[in-house]
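Structure record follows, encoded as structure tokens.
Derivation of every value follows stated rules applied to the coordinates shown; laboratory data play no part. From a predicted model like this one, the values you see are computed outputs, not experimental measurements. Because the Cβ atoms are built from the backbone with ideal geometry, glycine has one as well, and the counts that use them run over all protein chains shown.
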Amino acid sequence: MAITYDLLIVFDMSEAQPSRKTGGHAYGRRHQTMSNTAEEGELCIYTGHSLGKFSSHSMRYDSHQACVRCVAAAREGRLSFDIDRLLKRERKRALKFWSQVAIGDPDECWDWKGTINNRTKQPQFSWRRHGISSSTQHHPQRVAMWFTWGDLGFTGVKTTCGNKYCCNPFHLIPQRVGVFVDQDSYLESFELACQLHTLKQQVTEYMIEEALKEQARMDESEEIDARAELMLDPTAGMPERFEAVMTDLLAGRHISQTEPQQPGLFRKPAEDEDPNAEF
Ligand SMILES: [Zn+2]
Ligand SMILES: [Zn+2]
């Protein structure tokens, strides 16, 4: 079945008018809530979607703050797992996100393994998205949509499986954008299978990297704690303390020799100290 879209992308704001069309076929009406006018908005998370090479803005539909170029791709049914299509600064975030999703086969549900809000019991992922939403917490299904279907702003997303923890983009359909979904072609797509394979590898590498960093932090903390214990221990005699200070001085790690370049002594909170725990 051929699907046509009569939405016009109007960049000339002086002439732009939001769609006031009423009636028509039910299929057409479904799209009326997305405006046909775009404005300069926040930079899209995908490369090449800025207004110009040096611009830090992207065109976004004013109704949903959805990137015009991402909407065009989604309407053609294009989705991608390719991290390298994202802006450099968003790639780590994408890996962090996917590391919290139980990525399975394309036809399975991929459950969210990350934070669940204690109060609302809703799954959530922290991300401050200026110009898109004032909320710093987003439903992982929307985030999964952003990282695969495109930066569609606060476009709604529904699952075909009804699983509220499912983050499998093949089960997620952006709403009111007019996406063309062809499940069979996705499951048969060699390109998507390759992208998915690469993503899984990248996520594994990311998790190993993070685990090593965490281990290094813990090792350093243990050493610092052992020193502190000795210094504060009233039963530790002067010779022990003197020896400890001398050892530290010779090793260049005494507190008086601390440089800000040695972050080990300025211990940052660990990643798992969740700032959202109180939600
Ligand atoms: Zn975009
Ligand atoms: Zn599912």
Fewest-first ranking of MET145, MET34, MET246, using other Cβ atoms within 10 Å as the exposure measure: MET246, MET34, MET145
Residues whose placed amide H lies under 5 Å from that of GLY77, excluding near-sequence neighbours: PHE180
Fewest-first sequence of THR136, THR155 by Cβ atoms within 10 Å of each Cβ: THR136, THR155
Shape of the range 26-188, Cα gyration tensor, a/c cut at 1.5: rounded
Likely footprinting exposure, HIS57, HIS64, fewest C-beta neighbours within 10 Å first: HIS57, HIS64
Estimated vicinal HN-Hα couplings, Hz - the range 129-140 in sequence order (Karplus 6.51, -1.76, 1.60; Gly, Pro = x): 10, 4, x, 9, 8, 7, 6, 9, 10, 10, 5, x
GluC sites (Glu not before Pro) restricted to DSSP loop in the range 71-161 with at most 13 other C-beta within 10 Å: GLU76
Cleavage-rule hits (chymotrypsin sites (Phe, Trp or Tyr not before Pro)) in the range 116-196: DSSP loop, at most 15 neighbouring Cβ within 10 angstrom: PHE154, PHE180
Under-5 Å amide H pairs with ASP111, H placed in peptide plane, nonlocal only: ALA102, CYS167
The range 111-188 versus the range 53-84: alpha-carbon centroid distance in Å: 15 Å
